[in-house]
Amino acid sequence: MEFLLDTVHIEDIKKYARIMPLSGVTSNPSIVKKEGQIDFFPHMRAIRAIIGDQASFHIQAVGQTTEAMIQDAHTILENVDDNVFVKIPTNEAGLAAIKQLKAEGVNVTATAIYTKFQGYLAMSAGADYLAPYYNRMVNMNINADEVIGELANQIARENSTTKILAASFHTVQQVNSAFEMGAQAATMGVDILKTGLSAPAIGAAINDFTADWESLYGKDSTIASIAKQPLHA
């Protein structure tokens, strides 16, 4: 499984790069807008410096024609690095761009996927990742689990190297479902991570363990502290 952060907020990326097995970072124009009018390319290079060369970094082209998307892709590669996965929307213009970029050897993430049909076409065009929008599908009364499950089945049938990078989550359970249906990767906002790791039951269990330990060895004691001061009979 690959866990990615859907943010360009530098401090959050630094924090979670220390905490979790971070496989990469994704961004799109809406994510960038949350940061304000950043100095785009230096900001993206700073993210790459944090996550390292082995993590995947996904940056979206914003042009609406095939030619504009390809020009955006080349500009991203020239100004960030040539390992970036360029996110291309899966429409007619985007599919044409994906075909050309893959012919050039560019890493491509096919994004804005809502249907199996889009996913099948993007796979055939050579996309490295497919990014189905889970919660947006739910809001459109599309069965997100079915879409992801069938895309995963097709990947298995073809023994394809394409991966599913599920995106657009509203709950932790949606992330779980995406993985359970066969997604190899998921990108999520910091809010999802905080929710998943800060449930009241987790804190209650930790507090109970601490209270039991301190009842035996004293307040603020730890295993490391009692090693320095052995307990005498």
| task | Please check which bits of the range 9-37 a label hung off A46 would reach, taking the label as a point 7 Å along Cα-to-C-beta and the cut-off as backbone N under 16 Å. | result | 9-17, 32-37
| query | Sorted by packing (mean other beta-carbon atoms within 10 Å per residue), highest first, where do 11-21, 90-100 land? | reply | 90-100, 11-21
| said: Relative contact order of the chain, please, whole-number percent, based on alpha carbon pairs below 8 angstrom and at least 6 residues apart. | reply: 15
| task | Please tell me the relative contact order of the range 108-233 in percent, rounded to the nearest whole number, where contacts are Cα pairs under 8 Å and at least six residues apart. | result | 19
| Going by the alpha-carbon gyration tensor, a ≥ b ≥ c the square roots of its eigenvalues, is the chain rounded (a/c under 1.5) or, if a/c is not under 1.5, prolate (a/b greater than b/c) versus oblate? | prolate
| query | Counting Lys and Arg as +1 and Asp and Glu as -1, each charge on the Cβ, what is the dipole of the range 106-208 about the Cα centre in debye, to the nearest 20? | reply | 200
| Above-threshold pairs, the threshold being 25 Å between Cα atoms, out of K14/K219; K102/K163; K87/K116 | K14/K219
| What order do you get for 28-34, 159-165 when each peptide is scored by the mean count of other beta carbon atoms within 10 Å, highest first? | 159-165, 28-34
| Within straight-line cross-link reach of K33, aspartates and glutamates at Cα separation under 15 Å, skipping those fewer than 8 residues along the same chain | D6
| message | Could you sort the peptides 62-68, 181-187 by per-residue average Cβ neighbour count (10 Å cutoff), highest mean leading? | response | 181-187, 62-68
| request: Please give, to one decimal in nm, the separation of the simple spin-label points placed at S225 and Q54, each 7 Å out from Cα toward the Cβ. | output: 3.6
| Most positive-pole-ward Cα, T26, T187, Y16, against dipole of the chain from beta carbon charges | Y16
| Charge context of I206, other residues only, Cβ under 13 angstrom, K/R +1, D/E -1 | -3
| field | Highest-MSF residue in the chain out of N176, N107, N139 [GNM, Cα springs under 10 Å] | value | N139
| request: Calculate the length of the line joining the C-alpha centroid of the range 37-63 to that of the range 165-180, in whole Å. | output: 23
| What distance in nm separates the simple spin-label points at I38 and M20, each placed 7 Å from Cα in the Cβ direction? | 1.7
| query | Y217 to N159: extension gain in nm, 0.36 nm per residue of separation minus the Cα-Cα distance? | reply | 15.3 nm
| note | Per-residue ellipticity at 222 nm attributable to helices in the chain (runs of n ≥ 4 DSSP H, -39500 (n - 2.57) apiece, nearest 500 deg cm²/dmol) works out to -16500 deg cm²/dmol
| Residue farthest toward the positive end of the dipole of the chain, with Cβ of Lys/Arg at +1 and Asp/Glu at -1: which of I98, T222, A156? | T222
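Read the figures in this text as sums done on the coordinates, not as results from a lab. It should be emphasised that the depicted structure is a prediction, and the values quoted were computed from it without experimental measurement. Cβ: placed from backbone, ideal geometry, glycine included. Neighbour counts: every protein chain shown.
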